[in-house]
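Right, one structure below, let's go through it.
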Amino acid sequence: LHLHEAASALDRALPAQEGWWTSAFNGQEGRCRLFLRLLEMFRPVAVVETGTFRGTTTAFIASHFAGRVLTCEIDPRWYLTAQANLAPYPNVEVRQTDSRAFLRALLAESPADTLIYYLDAHWQGDLPLGEEIELILSHGQPAAIMIDDFAVPSDADYRYDDYGPGKTLSVELLAGIAPRGAVLFFPTLPASEETGARRGCAVIGVGNAATVLAGLAELQPHDWPAAAEEVPKPTQDPALDQA
């Protein structure tokens, strides 16, 4: 614990690094606009984030949303860093826990209103995304779910995470959501017009939230049969290796 505290203190004491990994939503202006549009359309009772890291995206959300912002980070060093960085935001609650345990505990509170989820806890060997989505869908409440680092089938210039067989953030990972009444969407903004890291994202509409998402010009619904024919190859991101 003392070593993690020391590492966190150094993180906060050193001059701020320049790079997309220290900016909200990977430094992507288009993604920021899209998330703000979701807040505007849904006016959720709370925003739920998995994978806090330094808390930069969390701070952006909290500065544009007055309701509860709940976020979790499993790594002790980054939990302590995020907790300190987010202290100025009284509407933010940071928990140090696995994202699946976090969602189970949160959903046990049975919030009846629409929630917005931002899922970004995937990293290297552990890929909790499938279980996270299953927990949210099983809850049976309307929801808008944004997933970071996701392959966009119609635009191979968007970067995404690929951790090996069965661990690629692509449509194959979400094949089971359609029979559950959830609808998958992707951004209409081309990667060539995005800023920052140009990481792809996916948005899932659950319940009547899907109808709202279908009316947004910023999103296009996923065509499952057509998308099965072609999936873009991963684009190497040198900055990610350095981070």
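The values are calculated or read from the model by the stated rules, or taken from the named source; none is laboratory data. Computed from a prediction, not measured in an experiment: that's the story for all the values here. So basically every Cβ, Gly included, is an ideal-geometry build from the backbone, and we count neighbours across all protein chains shown. Just so you know, the surface numbers come from the protein's heavy atoms only, side chains and all, with ligands and any DNA or RNA stripped out. Shrake-Rupley method; radii C 1.70, N 1.55, O 1.52, S 1.80 Å.
Taking the criterion of being of a type in the set (S, T, N, Q) and within 19 Å of Val206 (Cα to Cα), the residues of segment 138-165 that qualify are Ser138, Gln141. Within segment 142-167, the set of residues being out of contact with any Ser or Thr (no Cβ under 9 Å at 6 or more places or on another chain) and at pLDDT below 95 comprises Tyr163, Gly164, Pro165, Gly166, Lys167. Does Gly55 satisfy being within 15 Å of the chain's Cα centre (by Cα), open to solvent by 20 Å² or more (accessible area, probe 1.4 Å) and within 30 Å of Tyr158 (Cβ to Cβ)? Criteria not met by Gly55.
State yes or no: is Tyr89 buried (at least 18 other Cβ atoms within 10 Å of the Cβ), aromatic (Phe, Trp, Tyr) and over 16 Å from the mean Cα position of the chain (by Cα)? The answer is no for Tyr89.
Among the residues of segment 61-80, the ones that are under 18 Å from Asn26 (Cβ atoms) and open to solvent by less than 40 Å² (accessible area, probe 1.4 Å) come to 4 in all.
In segment 148-193, which residues are of a type in the set (Asp, Glu), more than 17 Å from the chain's Cα centre (by Cα) and part of a loop (DSSP other than H, G, I, E, B)?
If the condition is that a residue be of a type in the set (Asp, Glu), more than 17 Å from the chain's Cα centre (by Cα) and part of a loop (DSSP other than H, G, I, E, B), then Asp155, Asp157 are the ones that fit.
Conditions (1) among the basic types (Lys, Arg); (2) part of a loop (DSSP other than H, G, I, E, B); (3) out of contact with any strand residue (DSSP E or B) (no Cβ under 9 Å at 6 or more places or on another chain); (4) on the phi > 0 side of the Ramachandran plot, marked per residue:
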position	(1), (2), (3), (4)
Leu36	no, no, yes, no
Glu40	no, no, yes, no
Val48	no, no, no, no
Val69	no, no, no, no
Leu80	no, no, yes, no
Tyr118	no, no, no, no
Ala121	no, yes, no, no
Glu134	no, no, yes, no
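Taken over segment 114-142, the criterion of being open to solvent by less than 20 Å² (accessible area, probe 1.4 Å) and hydroxyl-bearing (Ser, Thr, Tyr) is satisfied by Tyr117, Tyr118.
Summed over segment 145-199, residues that are of a type in the set (Phe, Trp, Tyr) and open to solvent by 50 Å² or more (accessible area, probe 1.4 Å) total 1.
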